[in-house]
1. Just to verify a result, which residue in the stretch 229-270, among those that are within 16 Å of ligand 1 (Cβ to nearest atom) and not in a strand (DSSP E or B), is nearest to residue 315 (Cα to Cα)?
2. Give the stretch 357-395 a look and list any residue that's in contact with a Pro (Cβ under 9 Å, 6 or more places away or on another chain) and either of a type in the set (D, E, K, R) or closer than 13 Å to residue 345 by Cα (or both), or say none.
3. Tell me, yes or no, whether the stretch 305-317 has at least one residue that is within 16 Å of ligand 2 (Cβ to nearest atom), among the hydroxyl-bearing types (Ser, Thr, Tyr) and touching a strand residue (DSSP E or B) at 6+ places or on another chain (Cβ under 8 Å).
4. Got at least one residue in the stretch 333-349 being within 16 Å of ligand 1 (Cβ to nearest atom) and free of Cβ contacts under 8 Å to residues at least 12 places away in the same chain?
5. Looking at residue 413 and the list (1) acidic (Asp, Glu); (2) loosely packed, with under 15 Cβ neighbours inside 10 Å; (3) within 16 Å of ligand 1 (Cβ to nearest atom), which single condition is not satisfied?
6. Would you check if residue 440 is part of a helix (DSSP H, G or I) and crowded, with 21+ Cβ neighbours inside 10 Å?
7. Kindly provide the set of residues from the stretch 358-414 that are assigned to a loop (DSSP other than H, G, I, E, B) and in contact with a His (Cβ under 7 Å, 6 or more places away or on another chain), ordered by number.
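The values are calculated or read from the model by the stated rules, or taken from the named source; none is laboratory data. None of the values given here were measured: they were computed from a predicted structure. We place every Cβ from the backbone using ideal geometry, glycine too, and count neighbours over all the protein chains shown.
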Amino acid sequence: MGYLSERAIADLRYKATEKFTKLPIPKLDTMHSGDNLSKLTNDIQLVKRFLDWDGYFLILRPLMAVATLAYLTYLNWQLTLASLVFIPIMMYLTMKITQPISNYSKALQEELANINKANQDILGGIQIVKSFNLKDRILESFKGQVDESVKRGRVIALRRAILAGISGFLTFLPFIVSFGLGSLLVNRGSMSVGGLLAFINLLNQLSWPLAQLPNHIGSYKAAGAGLDRIYEIVDIVSERQTGEKLDFESENVLSFNNVRFAYGEKDILQGISFHINCGEKVALVGPSGGGKSTIFKLITGFYQPYEGEISLFNNTIDKWKLDFLREEIAVVSQDTYLFPTTIKENITLGRNFSMEAIIAASQKANAHNFIMELADGYDTMVGERGAKLSGGQRQRISIARAILKDAKLLLLDEATSALDTESEQMVQQALEKAMEGRTTMVIAHRLSTIKNADRILVIEGGAVVEEGTHEQLLDKEGLYSKLYNKDFSHVDQESGVA
Ligand SMILES: Nc1ncnc2c1ncn2[C@@H]1O[C@H](COP(=O)(O)OP(=O)(O)OP(=O)(O)O)[C@@H](O)[C@H]1O
Ligand SMILES: [Mg+2]
């Protein structure tokens, strides 16, 4: 039984975790990792507790009770009837009391998930909590949540205490009745003392399992609530798994044709059209919030446009099998995520590459030298989210990652956060190396990147408002020249720092 329950729980855990990898990004946007984690731990634990213990007895004990009942009836049906007359009433009460337990349990589990969310937010933002001195305010609201969970837990505890009382009655009442009535029958001579003792002994085999049933039922209801919450994830429709493994060889690498997109009500992309040929380097520039990163999220198929068409390698994106397509798109995003493992694994992401290839990619990404200066070189652990590295180092690791992937299309979202001049130059050189000989779309915040581009698209308010080379756009004296004069003209062009 233990083995089966371990297996079932492992399967459930795997199924739920696997589901996360398949969830559509828009759905994930609406979820909180603290709640998700709670489902994978607290709720699974509830189900496990039931399977390990109560589930087994919930099946076994009624069987035992029925078998015993048959034998008791055979021994003395009148006495059996009299002893057990209360049981249906008790069972009815049990059902009534346990009925709301699943709802209460669900509410409690949700409150536990809220606590998990708050924990995660506090831990995730611990530096902000400290530097902005938010400790007291955060702890106060956290205490409120803990108190709420205690309140909800108490409601369940009360029900369970009443159930324990019923269990007690179920255990003793039949004995008192059968002892009293049985003594009368013995007095009248219609039952032997031995027969009565045997009857009472057997009754134990009936009342004990019945008395335990309310508890098992309570646990069943709680597990059901946990399972409901886990299935809230499992039941979500996965990201599209269909599509074909099409050919990547094409002159026409990427095109947007009148693409409209909104995260919610408000249009973010308002009919964007552009085209990128094989080998071209195209820079996207424009004011913050204009929709530049959003364009990347559409190219990788994380979100779908509601109007217009996106084509990759000459086929519309809906024809592609997304996993297959993503193999040939390398993304360096604005904020890099590093896994809490070694530098080497963060660059290879678990794939097999020779050490030479890893070093070559790191050299191009300007990362090799600093990696070699670390205590364990490529085997240095980077800490959670790469906390033990500087911002510029993290970026260079993620550029090395993209170079090693050697994809047909490179999407670079330049970090906007300011780096010091030296680090900035390092990252800049790394980006240039990464772009060499590769079709690249780069969201540029720095002059040197922009100047290296074959073409510049100026994005404002979700539309391409200007297009051309640096010189052409300056001549136009439109938004680009305004942005250039405001952000870049004062910049030391050698360092390229905006
Ligand atoms: N997941 C999301 N859900 C809802 N709105 C979003 C989401 N991501 C971005 N937005 C909104 O979409 C708009 C465009 O965001 P986007 O990240 O594409 O801007 P951006 O041009 O990359 O800006 P920046 O230069 O600051 O990086 C913004 O107004 C932003 O608030
Ligand atoms: Mg952005």
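1. 239
2. Those that are in contact with a Pro (Cβ under 9 Å, 6 or more places away or on another chain) and either of a type in the set (D, E, K, R) or closer than 13 Å to residue 345 by Cα (or both): 381, 382, 383, 384, 385, 386.
3. Taking the stretch 305-317 and keeping what is within 16 Å of ligand 2 (Cβ to nearest atom), we get none.
No, that holds for no residue.
4. The answer is no, given that none of the residues of the stretch 333-349 is within 16 Å of ligand 1 (Cβ to nearest atom) and free of Cβ contacts under 8 Å to residues at least 12 places away in the same chain.
5. Here residue 413 meets the rest and fails (2).
6. Details: part of a helix (DSSP H, G or I): no; crowded, with 21+ Cβ neighbours inside 10 Å: yes.
The answer is no for residue 440.
7. So in the stretch 358-414, the residues assigned to a loop (DSSP other than H, G, I, E, B) come out as 365-367, 374-376, 380, 382-383, 387-390, 406-408, 414.
414, the sole residue that qualifies.
Here is a yes/no grid of residues against (1) surrounded by fewer than 19 Cβ atoms within 10 Å (Cβ to Cβ); (2) touching a residue at least 24 places away in the same chain (Cβ under 8 Å):
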| site | (1), (2) |
| --- | --- |
| 88 | yes, no |
| 94 | no, yes |
| 100 | yes, yes |
| 103 | yes, yes |
| 111 | no, yes |
| 115 | yes, yes |
| 119 | yes, yes |
